[in-house]
Amino acid sequence: MNRFIEKYINGFLAIVLLVFYLVLSWVLHRTGYEHPESVFIAEKIKILFDSNENNLVTLGTTFPTIVFLASVIFTPFGYLFAPILASIAFTVMLFYTLLKDFKETSKLPDFVYIPLVSLLFFLHPGLIYAAISGRGVAAILIFFYYLFRSLFRYYRTQTTFYLSMASIYLTCLVFCDFNFIWLLLAFFPFIVLVSLEGLKINKEQAPVAQYFESINNTSQRRKLTNRAVAIYIILFLLPLGALLLFGYLNATHAGTSTYFLYSQYANWHVLGNHPFGEVVGNLAKGSNSAFQSQILFQFYVFFLTPLLFLTFFYFRGKLYELFTLIAPFILIAILIINCQFYFLIEYYLIFLVLALVGLSFYAAKKFTKKATWFIFFIFGLLNVFTGIYYFKKSDDPDERKFFGIIRDYKYWLKVKGNTEDFDVAQYIASIADINNKVLVDDAAAFQIVAHLKSLEGIELPINKSFGTIVENPMSGVKYMCVAKFENRLKTFTVLNSYNLGIMEAKGQFVTEMVYQTDNWAVYRLYPLEE
Amino acid sequence: MAQCVLHKMAAENSFSNEKLEAVLNIAEIYSYAPIKAALNFGFLVRLDYIIFLEKHNETVVDVRTEELDEIYINQCDISHMNAFLYLPLRKLDTGELLVAAADPFDEKLLTSLVIKFKCKIKLVAASDLDITWLGHKLRGGFFVKEAVFSLMKTHPESSALITFTDAQLYFIFGSIALIFIFIIIFFKPTFIAINLLSSLFFLFSILFKLYLALTGSKSELHSVVSKSEIKGVNELTLPVYTILLPVYKEDKLIRKLIWNLRSLDYPKAKLDVKLLIEEDDDKTLNAVRNLDFPANFEVIVVPFHMPKTKPKACNYGLYFSRGEYLAIYDAEDVPDSDQLKKVVCQFRKLPEEFVVLQGALNYFNKNENLLTRMFTLEYSYWFDYMLSGLETLDVPIPLGGTSNHFKLAKLIELGAWDPFNVTEDADLGLRVFDSGLKVGVVNSTTLEEANNEFFNWIRQRSRWIKGYMQTYLVHMRNPARLIRQVGWRGFFGFNFFIGGTSFTFLLYPILLAFFAIYMIFKFAFIRSIFPDWVLYISIFNFVAGNVLMIYVNMLAVFKRRYYELILFAILNPIYWLMHSRAAYMGLWQLITKPFYWEKTNHGLSKLSSTSAVVTPE
């Protein structure tokens, strides 16, 4: 019986977690919570399947590609639910893999790691958010985990297999979040150290003396360079090659090689990233942004991820493995210089995953079983509390909104709330048909498009006639959905209140507002003669 | 106890008693004349021996110029003549039968000949090599015919004597006709379909190779035979090991060869090494004759018979092989010194169904020029990852040209090599699989000489690709039967690995040309033939395919720690173009002269194999 439980406990827990996430996501959906990134992906899937034009551009340029393609798999469950299911699947997969790896590599007793991992996945708000927000966070976490796991396995076995697997996972990671390409620089210290490690001579001497000898010997130095370059190439050729190819395909089919990075039609982050200026201008009421500067960020990460202390403790004396753990900190330092936007939760959660991957590898016997259980559990619990603290202090409105709903369980029981975008979509659906077409620019109105029942009677930028219609709306549509001045995304779309005035001035038509919400207005167009 | 020349030499202190004892022991084991054991197991220098004979007034006759009465030779068995090194020449006026022998003092031989011919015998000294040459030339006819036609007689369906069967010709021409008809009727859709299928096939075959490489790279984790196991081997329990060394005009390599054989860690007496020399190859024969140190191999002369191919020579050599196991090496090969012991240990550990083990091949002259670097990249990935990957996935393994280690009895059962197939090794690997037996991979390396000259490389490669095409055609004569024998996975692997390899090389320049035209000229014509989505997929497949291929090449040299070669993998697309050139040459030869063996010149490298560090893994 015990053996039976031991064998199936991981699978059983994974199923329980899956059900838990499904229920939570249903609750969240019922309250009207939708993350814009999730809806963005859902809208792209809708366009892919419901539109007959330029499907290739949608399929081939939507970024992050892995998140998009993973969501496509879950399309049978509904466009809006597909990204959420994808992120749940990724998170449950991560949970299961962690349990399995702890069992196989850490040699810790089941009763130590199972409570720790379960505690985190069931109660850490960050991981719950990753699972049920429908964002690409879960995909980032799992590939981040696989990447570092492969690197640690490479250290153990020194086989090319794990290095090439690391390269494949790195490619996936980059296609989940382009910023991870900067690991190219962040991995530099560890790659040099790994190369040195492989070339050390006189292994009886102290490490410093070995390094001294390796570096001061011409032939060893040449070998060191060759080995370091070789590891670099093996690790980065695939992600760089994939990006090159993806860029080339973008250039061929969308006009520019960076379309997937900078087009609001291809990448939600173009719309969703909050520039620092905006955050400082009191985007929300948190204070996390105050820690998003060099050094402070790293300290804050340690504060938010107490498990990292435990991991670093276990890694004492393992120099290049330590440098591997430090690589993500270097990555963040680079990103702070390179990206002037507010960092969302994924850049914090990767450190939790890092701590877990480290523990799963080196959490060997250091204390008695009971003490280990106690220490692990306490650190895990602390992590849950710091996770809650993070959300309380988040400057991202969506993260705060999510936390607000999760925290306030009484709110769950209330009647299902509709979003503003849902209401607009309902209205547009009620007026649009083949003879009464509505012009919608999904650059900003992607959440409206995602809620439409069908794309019949909707003119979108994906349609070849869109440019002509924008120039001369009367030639193709009777209605127009326009972003009002108050809409945060108004600058990303041609159909905003400012442009509407210009279009009216130069076109032969007048408009009448037939519907409006806080951010959106629907206009009916009439020829001037009327 | 019957006396021989060695006793005489020992009596005169020209040959030590310990050596004599060892030689007599070997002669006993192999049923050889003692002189043969002495000359072929590294105890006696031929030139010294001739000097000794001349010192004792023994005239060494040139049997090639001697008058010969074939009536007497025809009464002799080639195996016996070969083992005791004699050749009956003619009856003398005195009534004695004049017999040329390598050892004119061999009493045992004399007695056996008297009994056989029932007359007085006069032994005259002759060069053992000339006796061997003439003996095989005159009496090897049956064996050489067997070597050529045996497989065709016993397993006609496996012989490449017929290149294209009728059904295959109908299929090929039928397909071509069908494509033409479709092009005429549905021009655009047909082009789209061809383009898509080609580029998908290209990508898929490279993805398959990547998958194999990744699967194979896992095998770095396991070592079937450990160093301590090899150290612990009891040499008395080791079986006789035959090594076949087919050569043709490799006179420059003979010294290297002896050096390499000496470095093998295997009991000298149990190494049955056969140097297979073609009848018309006096160069190599004379190189052996003129050696000024003892040779540690036996010369077997392969009588002339078409086709003049390596498999025919090997098949012929089989009739004289005495080992329990058999390995094939090229003359310039430098195997890991513990390779044979490792193979024996591995065979002992593996299930009975494993009848062949393939060693990894790599190059000692890898840094000689660009071509050798590219070749090293390719071989590293092929032997270190691909074969292990195929083994792990239980997909038919095409054997490499050398360092194949067989269970001799099973090899003969299988019908040995197909002399009409120019990549007989690959074909044999598949036949092993067809028979429900297994090919394994041994984690031991043999260093070879990488082809360092462009046209020589093209010739060699054209033969290999032609051979792959031949092998593909032979085994696809009856696809249903193949599926039954090797299963769907084996069938799929065979198609992508053997068929796919040649086809990809043929396809590559066409895809590259389309890509280049599109990139450089953005031809409206191409856009009009192929809609955007087709171009998208084609470009993706082509670029991704190339990047992955570069990557796979990089992986393998990483394992070998040839870090300095890693960047050369970027030149893989150019290397593939060279393959394509060779593939078209191979295709042309497949149609015009399918059995023609494009000879690869060895010994072109300025680097010595002895400078290569042989480190057993």
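The values are calculated or read from the model by the stated rules, or taken from the named source; none is laboratory data. As the structure is a prediction and not an experimental result, all values here were calculated from the model. Every residue, glycine among them, receives a Cβ derived from its backbone with ideal geometry; neighbour counts consider all protein chains shown.
Go through (1) more than 30 Å from residue B:557 (Cβ to Cβ); (2) of a type outside the set (Ser, Thr, Tyr); (3) in contact with a Phe, Trp or Tyr (Cβ under 9 Å, 6 or more places away or on another chain) and name the single condition residue A:123 misses.
Result: residue A:123 fails condition (3) only.
Report, by residue number, each residue of the stretch A:245-263 that is without any contact (Cβ under 8 Å) to a residue 60 or more places away in the chain, more than 8 Å from chain B (Cβ to nearest Cβ) and not aromatic (Phe, Trp, Tyr).
Within the stretch A:245-263, A:247, A:251, A:255, A:256, A:257, A:258 meet the criteria.
Could you list, in sequence order, the residues of the stretch A:505-515 that are surrounded by 16 or more Cβ atoms within 10 Å (Cβ to Cβ) and without any contact (Cβ under 8 Å) to a residue 60 or more places away in the chain?
A:507, A:509, A:511
Quickly run through the stretch B:120-147 and pick out the residues that are out of contact with any Phe, Trp or Tyr (no Cβ under 8 Å at 6 or more places or on another chain), of a type outside the set (A, V, I, L, M) and either over 24 Å from residue B:295 (Cβ atoms) or part of a strand (DSSP E or B) (or both).
Hits for the stretch B:120-147 are B:120, B:122, B:141, B:142, B:145.
Among the helices (runs of 4 or more DSSP H) confined wholly to the stretch A:126-193, which include 3 or more residues that are within 14 Å of chain B (Cβ to nearest Cβ) and more than 19 Å from residue A:101 (Cα to Cα)?
Of the helices (runs of 4 or more DSSP H) lying wholly inside the stretch A:126-193, those with at least 3 residues that are within 14 Å of chain B (Cβ to nearest Cβ) and more than 19 Å from residue A:101 (Cα to Cα) span A:160-174.
Can you find a residue in the stretch B:209-226 that is of a type in the set (Lys, Arg) and not assigned by TED's automatic domain parsing to the domain that holds residue B:322?
No.
Check the stretch B:557-574 and report whether any residue there is touching an Asp or Glu at 6+ places or on another chain (Cβ under 8 Å) and away from chain A (no Cβ under 14 Å).
No, the stretch B:557-574 contains no residue that is touching an Asp or Glu at 6+ places or on another chain (Cβ under 8 Å) and away from chain A (no Cβ under 14 Å).
Output yes when any residue across the stretch B:22-30 is under 16 Å from residue B:130 (Cα atoms) and surrounded by fewer than 17 Cβ atoms within 10 Å (Cβ to Cβ), and no when none is.
Checked against the condition, which is being under 16 Å from residue B:130 (Cα atoms) and surrounded by fewer than 17 Cβ atoms within 10 Å (Cβ to Cβ), the stretch B:22-30 yields no hits at all.
Counting just the residues of the stretch B:1-21 that are over 21 Å from residue B:112 (Cα atoms) and of a type in the set (D, E, K, R), which one comes out surrounded by the most Cβ atoms within 10 Å (Cβ to Cβ)? Explain how you work it out, then say what you get.
Within the stretch B:1-21, the first condition is being over 21 Å from residue B:112 (Cα atoms), and the residues that meet it are B:9-21.
With the extra rule that they be of a type in the set (D, E, K, R), the set shrinks to B:12, B:18-19, B:21.
Numbers: B:12: 11, B:18: 9, B:19: 17, B:21: 11.
Residue satisfying both the conditions and the ranking: B:19.
Please tell me if residue B:184 is farther than 27 Å from residue B:349 by Cα, away from chain A (no Cβ under 14 Å), assigned to a helix (DSSP H, G or I) and among the aliphatic types (A, V, I, L, M).
Yes; evaluated as a whole, the condition is true for this residue.
Output the number of the condition that residue A:220 fails; it satisfies all remaining conditions of (1) in contact (Cβ under 8 Å) with a residue 12 or more places away in the chain; (2) out of contact with any Gly (no Cβ under 7 Å at 6 or more places or on another chain); (3) away from every other protein chain (no Cβ under 11 Å); (4) closer than 25 Å to residue A:66 by Cβ.
Here residue A:220 clears every test but (4).
What is the residue count in the stretch A:237-270 for residues that are more than 19 Å from residue A:179 (Cβ to Cβ) and surrounded by 17 or more Cβ atoms within 10 Å (Cβ to Cβ)?
Total meeting the criteria: 7.
Per-residue answers, yes or no, for (1) touching a residue at least 24 places away in the same chain (Cβ under 8 Å); (2) touching a Phe, Trp or Tyr at 6+ places or on another chain (Cβ under 6 Å):
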| residue | (1), (2) |
| --- | --- |
| A:304 | yes, yes |
| A:310 | yes, yes |
| A:314 | yes, yes |
| A:321 | yes, yes |
| A:343 | yes, no |
| A:346 | yes, no |
| A:353 | yes, yes |
| A:367 | no, no |
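Could you check how many residues of the stretch B:222-276 are under 14 Å from residue B:328 (Cα atoms) and of a type in the set (Asp, Glu)?
Adding up the residues that qualify gives 1.
Residue A:212 - would you say it is modelled with pLDDT of 90 or more and assigned by TED's automatic domain parsing to the domain that holds residue A:324?
Against the criterion (modelled with pLDDT of 90 or more and assigned by TED's automatic domain parsing to the domain that holds residue A:324), residue A:212 does not qualify.
Residue B:304 versus (1) away from chain A (no Cβ under 14 Å); (2) buried (at least 17 other Cβ atoms within 10 Å of the Cβ); (3) farther than 28 Å from residue B:409 by Cβ: which is the lone unmet condition?
For residue B:304, the failing item is (2).
Please work out which one of (1) assigned to a helix (DSSP H, G or I); (2) within 27 Å of the chain's Cα centre (by Cα) is the condition residue B:163 fails and give its number.
(1) is the only condition that residue B:163 fails.
Hand me the list of helices (runs of 4 or more DSSP H) wholly inside the stretch B:462-542 holding 2 or more residues that are of a type in the set (A, V, I, L, M) and either within 14 Å of chain A (Cβ to nearest Cβ) or more than 30 Å from residue B:166 (Cα to Cα) (or both).
Working: elements: B:479-494, B:500-521, B:524-529.
Output list reads B:500-521, B:524-529.
From the list A:372, A:386, A:419, which one is farther than 19 Å from residue A:53 by Cβ and touching an Asp or Glu at 6+ places or on another chain (Cβ under 9 Å)?
It is A:419.
Quick check on the stretch B:82-112: of everything there that is crowded, with 23+ Cβ neighbours inside 10 Å and outside any strand (DSSP E or B), which residue is modelled with the highest pLDDT?
B:84
A quick yes/no check of all residues on (1) of a type in the set (A, V, I, L, M); (2) over 22 Å from residue A:399 (Cβ atoms):
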| position | (1), (2) |
| --- | --- |
| A:36 | no, no |
| A:45 | yes, yes |
| A:50 | no, yes |
| A:53 | no, yes |
| A:58 | no, yes |
| A:91 | no, no |
| A:97 | no, yes |
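Taking the stretch B:203-225 only, how many residues are touching a helix residue (DSSP H, G or I) at 6+ places or on another chain (Cβ under 9 Å) and assigned to a loop (DSSP other than H, G, I, E, B)?
Narrowing the stretch B:203-225 to residues touching a helix residue (DSSP H, G or I) at 6+ places or on another chain (Cβ under 9 Å): B:203-221, B:224-225.
If we keep only those that are assigned to a loop (DSSP other than H, G, I, E, B) as well, we get B:224-225.
Going through the stretch B:203-225 one residue at a time, the tally reaches 2.
Right, residue B:214: within 14 Å of chain A (Cβ to nearest Cβ) and over 25 Å from the mean Cα position of the chain (by Cα) or not? Full working, then the answer.
Working: within 14 Å of chain A (Cβ to nearest Cβ): yes; over 25 Å from the mean Cα position of the chain (by Cα): yes.
So residue B:214 fits the description; yes.
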